[in-house]
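**Student:** Got a structure for you, written out below as structure tokens; questions coming shortly.
The values are calculated or read from the model by the stated rules, or taken from the named source; none is laboratory data. Since this is a predicted model, take the numbers as computed values, not measurements. Methodologically, a virtual Cβ is constructed for each residue, glycine included, from the backbone with ideal geometry; neighbour enumeration extends over all protein chains shown.
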Ligand SMILES: [Mg+2]
């Protein structure tokens, strides 16, 4: 992965990915999945990502069970299922993403001291 700072998004970047995932879902025979099914699959993939992160974070794991999940692969799975949910809902993810980014850009974030 290149590590260049890019603070703008080329038009149709996300839309292209959304259209690609919609076409692949159709091609693979998943186009008839319901919203509920896609949400279940998304949660499953988020769980697999968490498990993979657990491994790379060197948390305690059952030494008798091998964790096969790889973070990059699980991120790709989560991304795929997030798009699948958006597609099922008819959401234009690029438009929503850009609107939200514009909103977040107006915020000012700073760590604050805890007073407990
Ligand atoms: Mg997975």
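**Student:** Within region 5-23, identify whether any single residue is within 11 Å of the ligand (Cβ to nearest atom) and either in contact with a helix residue (DSSP H, G or I) (Cβ under 9 Å, 6 or more places away or on another chain) or part of a helix (DSSP H, G or I) (or both), and answer yes or no.
**Tutor:** Looking through region 5-23, none of the residues is within 11 Å of the ligand (Cβ to nearest atom) and either in contact with a helix residue (DSSP H, G or I) (Cβ under 9 Å, 6 or more places away or on another chain) or part of a helix (DSSP H, G or I) (or both).
**Student:** Right, here's the next one. Please pick out the residue among 1, 43, 59 that is at pLDDT below 95 and within 20 Å of the chain's Cα centre (by Cα).
**Tutor:** None of the other options fit; the residue is 1.
Residues checked against (1) more than 24 Å from residue 21 (Cβ to Cβ); (2) without any contact (Cβ under 8 Å) to a residue 40 or more places away in the chain; (3) under 15 Å from the mean Cα position of the chain (by Cα):
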site	(1), (2), (3)
33	no, no, no
68	no, yes, no
77	no, yes, yes
81	no, no, yes
99	no, yes, no
116	yes, yes, no
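**Student:** Might you check whether a residue that is more than 16 Å from the ligand (Cβ to nearest atom), part of a helix (DSSP H, G or I) and within 26 Å of residue 1 (Cβ to Cβ) occurs anywhere in region 37-47?
**Tutor:** No: zero hits.
**Student:** Quick check: anything in region 92-102 away from the ligand (no atom under 16 Å from the Cβ) and in a loop (DSSP other than H, G, I, E, B)?
**Tutor:** Within region 92-102 (the criterion being away from the ligand (no atom under 16 Å from the Cβ) and in a loop (DSSP other than H, G, I, E, B)), the answer is yes, since at least one residue qualifies.
**Student:** So, residue 51, is that one more than 16 Å from the ligand (Cβ to nearest atom) and within 16 Å of the chain's Cα centre (by Cα) or not?
**Tutor:** Answer is no for this residue.
**Student:** So, residue 69, is that one surrounded by 14 or more Cβ atoms within 10 Å (Cβ to Cβ), part of a loop (DSSP other than H, G, I, E, B) and near the ligand (Cβ under 10 Å from one of its atoms) or not?
**Tutor:** For residue 69, the condition - surrounded by 14 or more Cβ atoms within 10 Å (Cβ to Cβ), part of a loop (DSSP other than H, G, I, E, B) and near the ligand (Cβ under 10 Å from one of its atoms) - is met.
**Student:** Scanning for something surrounded by 11 or more Cβ atoms within 10 Å (Cβ to Cβ) and in a loop (DSSP other than H, G, I, E, B), does region 49-65 turn up at least one residue?
**Tutor:** So far as region 49-65 goes, yes, one or more of its residues are surrounded by 11 or more Cβ atoms within 10 Å (Cβ to Cβ) and in a loop (DSSP other than H, G, I, E, B).
**Student:** Checking residue 110 against (1) in a helix (DSSP H, G or I); (2) more than 20 Å from residue 39 (Cβ to Cβ), which single condition isn't satisfied?
**Tutor:** In the conditions (1) in a helix (DSSP H, G or I); (2) more than 20 Å from residue 39 (Cβ to Cβ), residue 110 misses (1) alone.
**Student:** Would you please list the contacts, defined by Cβ atoms under 8 Å and residues six or more apart or on different chains, that run from a residue in region 1-16 that is within 15 Å of residue 96 (Cβ to Cβ) to a residue that is not in a helix (DSSP H, G or I)?
**Tutor:** 15/92
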